[in-house]
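The values are calculated or read from the model by the stated rules, or taken from the named source; none is laboratory data. As the structure is a prediction and not an experimental result, all values here were calculated from the model. So basically every Cβ, Gly included, is an ideal-geometry build from the backbone, and we count neighbours across all protein chains shown.
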Amino acid sequence: MRSPSTLARAALGAAILGLLVPRAGMAGDWHEGGRLVCSDCHTSHNSADGLPMRYDRSPGLSEHLLRAGDAVSLCFACHDGSNPRAPDVLAPVGYVAEPAAGLFPSRDGSGTGKGHRLLRSSPQQVPLGSGQMILSCASCHDTHGNGNYRNLRGRPGGGTGADLLVAVDQAKKADGANPADVYALENLAYRGGVNAWCVDCHDRAPADHAEHPISATIYGSTMASYATWLAVTGPRVPVENPTDPVVPSTDDRIACLTCHYGHGSTTSELRTPGGTTDSQVLCRECHVQ
């Protein structure tokens with residue numbers, strides 16, 4: 001029979017393992033089960049055959065036993081285009097003409113692009129928000145997986161109440177090796193929840209966007225032209241479709257992602273349909289010039 005101290009050590013080990021193991025039963029699109037094992041992100045001793053296991057080859061240990069100096073560096077070890085099985089979020093990217101969430105301009109947040117910038121030091125004021133935060137990949141995504149679209153955190157801004165769920169129909173689901181198919185805009189039909197999720201951080205956005213309201217239906221709008229929206233010949237910007245997944249249709253309504261990328265862009269704060277550098281192309285999808 002094992003001693004109480006042995007049992008206690010075993011219980012502690014099981015508890016730690018439970019925190020580190022990706023929760024396959026709750027997994028979302030990517031980080032789940034055999035597709036992501038603990039050792040992909042964590043190292044107990046940072047040594048394998050006498051060589052460091054950190055992706056930057058540093059011999060030192062890091063916070064949470066990560067295989068990188070910080071969480072952002074760890075994410076970019078796979079998501080910078082070097083791993084063909086992982087979605088690429090760093091500009092430039094070649095496998096999708098216009099990635100659904102856009103692209104971060106640099107891995108260290110020093111780029112001149114627009115949108116979400118990944119910061120590692122002091123808290124920064126949230127644009128159109130009442131709070132401050134240090135932004136990392138883990139600010140928006142649950143690294144161990146959950147049941148939400150793209151493993152999005154339920155309350156990215158730390159708000160109270162039930163988790164904010166984003167509903168998206170995907171014709172092609174993630175299988176751990178098909179980011180080009182899954183991240184293409186034409187693969188996605190946003191059904192709801194996008195605006196509420198963004199507003200958890202950008203809580204001043206609804207009031208400040210009074211002249212360009214989110215959740216407004218394009219059909220019947222006094223500002224937009226539904227005929228213009230129907231006549232779009234290039235890639236359409238994303239909209240929410242609460243009653244059907246068909247685009248265009250009369251339930252198409254404006255979402256934060258209609259005008260803005262989730263990650264960012266190297267050129268503009270606004271979405272650039274089809275990769276154009278002319279920001280007016282975005283406006284002309286709904287408005288008559």
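Just to verify a result, which residue in the stretch 246-265, among those that are among the hydroxyl-bearing types (Ser, Thr, Tyr) and buried (at least 18 other Cβ atoms within 10 Å of the Cβ), is modelled with the lowest pLDDT? Checked the stretch 246-265; the qualifying residue modelled with the lowest pLDDT is 265.
Out of the stretch 178-221, which residues are among the polar types (S, T, N, Q) and in a loop (DSSP other than H, G, I, E, B)?
Hits for the stretch 178-221 are 178, 215, 221.
Residue count for the stretch 71-98, restricted to those that are under 21 Å from residue 37 (Cβ atoms) and more than 15 Å from the chain's Cα centre (by Cα): 7. Among residues of the stretch 28-51 that are more than 24 Å from residue 172 (Cβ to Cβ) and surrounded by fewer than 14 Cβ atoms within 10 Å (Cβ to Cβ), none has a Cβ under 8 angstrom from a residue that is modelled with pLDDT of 80 or more and among the aromatic types (Phe, Trp, Tyr) at a sequence gap of 6+ or on a separate chain. Got at least one residue in the stretch 233-249 being in a helix (DSSP H, G or I) and within 26 Å of residue 207 (Cα to Cα)? Scanning the stretch 233-249 turns up no residue that is in a helix (DSSP H, G or I) and within 26 Å of residue 207 (Cα to Cα).
Within the stretch 81-96, residues that are more than 18 Å from residue 141 (Cβ to Cβ) sit with their Cβ atoms under 6 Å from residues that are among the aromatic types (Phe, Trp, Tyr), at 6+ positions apart or across chains, in these pairs: 96/183. Could you run through the stretch 47-106 and say how many residues are within 30 Å of residue 273 (Cα to Cα) and of a type in the set (S, T, N, Q)? Counting residues in the stretch 47-106 that are within 30 Å of residue 273 (Cα to Cα) and of a type in the set (S, T, N, Q) gives 4. Selection over the stretch 222-232 of residues that are part of a loop (DSSP other than H, G, I, E, B) and surrounded by 17 or more Cβ atoms within 10 Å (Cβ to Cβ) gives a count of 1. Applying the condition of being in contact with a Cys (Cβ under 9 Å, 6 or more places away or on another chain) and modelled with pLDDT under 90 to the stretch 158-204 and asking which residue is surrounded by the fewest Cβ atoms within 10 Å (Cβ to Cβ) yields 158. Within the stretch 62-115, the residues that satisfy the criterion of being modelled with pLDDT of 85 or more, buried (at least 17 other Cβ atoms within 10 Å of the Cβ), touching a strand residue (DSSP E or B) at 6+ places or on another chain (Cβ under 7 Å) and not in a loop (DSSP other than H, G, I, E, B) are 66, 74, 76, 90, 102, 104. Taking the listed residues 196, 227, 205, 210, the one that is under 21 Å from residue 273 (Cα atoms), aliphatic (A, V, I, L, M) and out of contact with any strand residue (DSSP E or B) (no Cβ under 8 Å at 6 or more places or on another chain) is 227, with no other qualifying.
Screening the stretch 118-136 for residues that are surrounded by fewer than 18 Cβ atoms within 10 Å (Cβ to Cβ), out of contact with any Pro (no Cβ under 8 Å at 6 or more places or on another chain) and not small (Gly, Ala, Ser) and picking the one that is farthest from residue 208 (Cα to Cα) gives 120.
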